[in-house]
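S.K.: Right, I'll just put the structure down here and ask away after.
None of the figures in this text is laboratory data; all of them are computed from the coordinates on show. Remember, predicted model here, so these are calculated numbers, not experimental data. Here the Cβ positions follow ideal geometry from the backbone for every residue, glycine too, while neighbour counts run over all protein chains shown.
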Amino acid sequence: MLIKDPIYQQLRQALGELILKRDFKVGDKFLTEREISERFGVSRTTANKALSSLVADGTLEFRKGVGTFVRPGVLDYDLRSLVSFSDKARSAGRVPKTELLAFRRLRASEAPDPVAAQLGAGPKERLFFVERLRFADDVPVILERRYILADLCPRLTKRDLEGSLYAAWTEKHKLAITGASQTIRAVKLSGSDAAALQTKPGDAALAVLALGYVADGKPLWREETLYRAEAYEFRCELGGLHPSQPTMGHLLP
């Protein structure tokens with residue numbers, strides 16, 4: 001015999017389908033407890049429980065004194081591989097856009113101290129500096145600053161930077177991007193960075209410091225990127241515990 005889900009879970013699924021079918025779009029005010037109760041023939045308590053569940057998982061957001069609204073979907077950042085922001089936004093049903101804030105050439109000696117050393121660039125070697133603001137549905141979600149070895153992609157243009165940089169590297173310059181090393185930490189946004197991301201100074205963000213590589217382990221770019229904390233989820237799947245590793249309750253001598 002099949003066991004049906006509890007009523008509130010069935011209701012939660014039905015409400016979620018209204019959003020998936022675009023009956024309610026991002027930013028729209030959602031149904032009230034009373035409207036849900038009347039529309040689906042359930043108690044106010046059940047309606048409240050289903051609404052609370054959708055708020056808890058980030059599908060809806062509650063604004064005190066105003067109501068419940070459909071919030072933008074959280075963008076997924078898979079730590080296992082490099083993926084174009086534009087492709088990721090489209091796969092999440094969002095419309096990507098890029099605003100190029102800065103694009104210039106400079107000598108490695110003119111870059112901040114860690115940059116040249118991490119890129120393995122001599123003082124006279126040419127770099128590109130790129131600063132971009134990335135949008136999803138006209139909401140700024142990423143502030144990106146990169147230093148790139150110009151000799152590896154000398155024909156890079158402003159137009160390339162208005163779309164997928166990965167596509168420009170792999171298709172136009174025929175570079176094989178082999179991976180990147182990344183460090184991620186939580187930070188509070190400064191005044192100028194908060195203004196660019198349309199948040200308030202002191203709001204939380206995720207800062208990613210990355211060094212990207214091409215074939216033979218040669219560095220291609222070094223980036224410092226800020227992600228709006230509420231817009232992103234960082235995801236990574238871990239393997240099982242190796243048999244030789246100690247488990248909880250078993251201490252090394």
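S.K.: Which value in nm describes the separation of the simple spin-label points at T32 and F103, placed 7 Å from the Cα toward the beta carbon?
M.R.: Between T32 and F103, the label points sit 5.1 nm apart.
S.K.: Moving on. What value in Å³ per residue do you get for the convex hull of the alpha-carbon atoms in region 75-235? Don't jump to the answer; show the numbers that get you there.
M.R.: Values: hull volume 17.8 nm³, N = 161.
So the per-residue hull volume is 111 Å³.
S.K.: Over 22 Å between Cα atoms, which of K25/K64; K21/K97; K29/K88 qualify? Don't skip to the end; give the middle numbers.
M.R.: On the way: K25/K64 20 Å; K21/K97 24 Å; K29/K88 26 Å.
From the list (K25/K64; K21/K97; K29/K88), the Cα-Cα distance tops 22 Å for K21/K97; K29/K88.
S.K.: Once you put a point 7 Å from the Cα of D216 and another 7 Å from the Cα of S181, both along the Cβ direction, what distance in nm separates them?
M.R.: Using points 7 Å along Cα→Cβ, the separation is 1.9 nm.
S.K.: Let me ask something additional. Between E125 and V83, take the C-beta separation as r, use R0 = 22 Å, and let me know the FRET efficiency to the nearest 0.05. Don't skip to the answer; put the middle values down first.
M.R.: Values: r = 29 Å, r/R0 = 1.32.
After rounding, the FRET efficiency stands at 0.15.
S.K.: How large is the dipole of region 97-222 about the Cα centre if only Lys and Arg carry +1 and Asp and Glu carry -1, each at its Cβ, rounded to the nearest 20 debye? Please list the in-between numbers first.
M.R.: On the way: 20 positive and 15 negative charges, 61 e Å.
Once rounded to the nearest 20, the dipole reads 300 debye.
S.K.: Before anything else, pin down the relative contact order of region 7-70: Cα pairs under 8 Å, at least 6 apart, normalised by residue count, whole percent. Before the final figure, lay out each step's value.
M.R.: Numbers: 63 pairs, mean separation 25.6, N = 64.
The normalised contact order for region 7-70 reaches 40 percent.
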